[in-house]
Amino acid sequence: MQILRFSDLCANGQARGQRVFIRADLNVPQDDAGRITEDTRIRASVPCIQMALDAGAAVMVTSHLGRPTEGEFRPEDSLAPVAQRLSELLGRDVPLVAHWVDGVSVQPGQVVLLENCRVNQGEKKNNPELAQKMAKLCDIYVNDAFGTAHRAEGTTYGIAEYARTACAGPLLAAEIDAITKALAQPKRPLVAIVAGSKVSTKLTILQSLASKVDGLIVGGGIANTFMLAAGLPIGKSLAEPDLVDEAKAVIAAMAARGAEVPIPTDVVVAKNFAADAAATVKPATEVAEDELILDIGPETAARLAVQLKAAGTIVWNGPVGVFEFDQFAKSTETIARAIAASSAFSIAGGGDTLAAIAKYGITSQVGYISTGGGAFLEVLEGKTLPAFDILQRRAKMQP
């Protein structure tokens, strides 16, 4: 993927004295009092901001936070807590600037945080007039927000159309490199793990991957639907019987390429969905009508672990069981540890996946952990993300 990289501009001295506008993803969770409860996204944004400051640029940073109503600013929509945390992380004051669309005062070597961009009228629908105004604020536009790369909004797409120079920040560039390595130029065998409660939410992903991967591991409620498609009993488990034909089509598409969707041979069941529910391991052929499948079984997990350890590339989206409950977490742990032990390049994305990675302490053993949920899923669907598209087009136009 041919894009202009901000790191190259900085290395070549092209950012010195320039006004740099960084679209970051600072949409962090907060408690009822407005205190930040988890600051990973803020910490992830620091390298790009520091890069711009070190290069001698005048730096403007903005992000969305929450779901504000355009044109109606409320105190709870403010990036003030983010400005405070950024100040701590950068070791310098980061002023928060409101009403910034018509002009921002910032000097080389300084950084300001521009108030919640989604409060601006026309941001979500990418109003051209707003985009043009924002583009006039800067000499260089930097997109460093992969989490919003699937949205064509004012600060993620429109400004990139009109800014003098448009490029990718280090976080976005790293995502592009990892995605290219995993999907466009993978080392084989390429194995994907797609798990979740419903086939319907990930059907297009499964269909897209069926034409690319050498192994497609399904888990969660998705696996239950595939078990139905294979003629196995699933009791009262979560499934989508109306999508059995689609599941069969994915299995057939994989088989036609000499590839496989491994169907569980054993499962972990319970009579009810609860943290204290008694777990029972049994063959997949023997699930009773009053039982729920809440995890794949140890025999199946061990077989999948062997497949993962032999993989060249692994794409992971979703835990394979109800890993929040320890008695239904064993297969997710087995798979997580197999990925960690594999020599394959691995890329993982999605909130539950990241929670599982953290739970089993394998962060440093996963090749790349994606910062974007919806954007990561759209990449797996085979879609071209709007932010990638505009940066590629602008790269071709650069002198």
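Please say if the stretch 274-399 is rounded, prolate or oblate, where rounded means a/c under 1.5 for a ≥ b ≥ c the square roots of the C-alpha gyration tensor eigenvalues, and otherwise the choice is prolate for a/b larger than b/c and oblate otherwise? Prolate.
Shape summary of the stretch 1-47, radius of gyration then Dmax from alpha carbon positions: 15.3, 45 Å. For the chain, the solvent-accessible area with a 1.4 angstrom probe is 42 square angstrom per residue. Under the rule a/c < 1.5 gives rounded, and otherwise a/b versus b/c splits prolate from oblate, where does the stretch 63-103 land using the Cα gyration tensor? It is oblate, given that a/c is not under 1.5 and a/b is not larger than b/c.
With the convex hull drawn over the C-alpha atoms of the stretch 200-281, the volume per residue is 99 Å³. When Rg and Dmax are taken over the Cα atoms of the chain, they come to 23.1, 70 Å.
Our analysis of the stretch 270-317 gives Rg over Rh at 1.09, with the two radii drawn from alpha carbon positions and Rh computed by the Kirkwood formula. Rounded to the nearest 0.05, what FRET efficiency do THR204 and LYS124 give with R0 = 22 Å and r taken as the Cβ-Cβ distance? Could you check? Given R0 = 22 Å and the Cβ-Cβ separation, E is 0.40.
By accessible area, using a 1.4 Å probe on protein heavy atoms only, the stretch 1-149 has 45% of its surface on carbon and sulfur.
For the pair GLU72 and ALA358 in one chain, pulling the backbone fully straight at 0.36 nm per residue adds 99.2 nm over the alpha carbon distance.
Once both labels are positioned 7 Å from their Cα atoms along Cα-to-Cβ, the gap between GLU289 and GLN185 label points is 5.7 nm.
A quarter of the convex hull surface defined by the alpha-carbon atoms of the stretch 93-133 gives 3.2 nm² as the mean projection. Its DSSP H runs of at least 4 residues, each contributing -39,500 (n - 2.57), put the calculated 222 nm mean residue ellipticity of the chain at -10500 deg cm²/dmol, to the nearest 500. The stretch 145-293 gives an Rg/Rh value of 1.11, both radii derived from C-alpha positions and Rh following Kirkwood. If R0 equals 22 Å, the separation of the Cβ atoms of ALA278 and VAL306 corresponds to a calculated FRET efficiency of about 0.15.
Extension gain, GLN30 to LEU89, is 19.5 nm, computed as 0.36 nm per intervening residue step minus the present C-alpha separation. Sparsely packed loop sites in the stretch 260-345 (the trypsin sites (Lys or Arg not before Pro) outside DSSP H, G, I, E and B with at most 14 other Cβ atoms within 10 Å) comprise LYS271. Note on the stretch 60-197: Cα convex hull, mean projected area over all directions, 11.1 nm². Let a ≥ b ≥ c be the square roots of the eigenvalues of the Cα gyration tensor of the stretch 30-71; is it rounded (a/c under 1.5), or, if not, prolate (a/b larger than b/c) or oblate? It comes out oblate by the Cα gyration axes.
With each label modelled as a point 7 angstrom along the Cα→C-beta vector, the GLU161-GLN398 pair spans 2.1 nm. Ignoring aspartates and glutamates fewer than eight residues from LYS212 along the same chain, the ones with Cα atoms less than 16 angstrom from its Cα are GLU260, GLU378, GLU381.
For the set LYS124/LYS198; LYS309/LYS330; LYS248/LYS282; LYS202/LYS359, the pairs lying more than 22 angstrom apart at their alpha carbons are LYS124/LYS198; LYS248/LYS282; LYS202/LYS359.
Taking amide hydrogens as placed 1.01 Å from N in the peptide plane, the amide H of TRP316 sits under 5 Å from those of ILE193, ILE347, ALA348, GLY349, each at least 5 positions away in sequence or on another chain. Both numbers refer to the Cα atoms of the stretch 1-105; Rg and Dmax are 14.8, 45 Å. Give me the percent of the accessible area of the stretch 274-339 that comes from carbon and sulfur atoms, probe 1.4 Å, all protein chains in place. Solvent-exposed carbon and sulfur of the stretch 274-339 make up 56 percent of the total.
Separation of the stretch 171-236 from the stretch 296-370 is 13 Å, based on Cα centroids. Placing dummy labels 7 Å off each Cα toward the beta-carbon, the span from LYS248 to ARG43 is 4.9 nm.
The values are calculated or read from the model by the stated rules, or taken from the named source; none is laboratory data. Remember, it's a predicted structure, so these values are computed and weren't measured experimentally. Virtual Cβ from ideal backbone geometry, glycine too; neighbours counted across all protein chains shown. Side chains included, ligands, DNA and RNA excluded: accessible areas come from the protein's heavy atoms. Shrake-Rupley method; radii C 1.70, N 1.55, O 1.52, S 1.80 Å.
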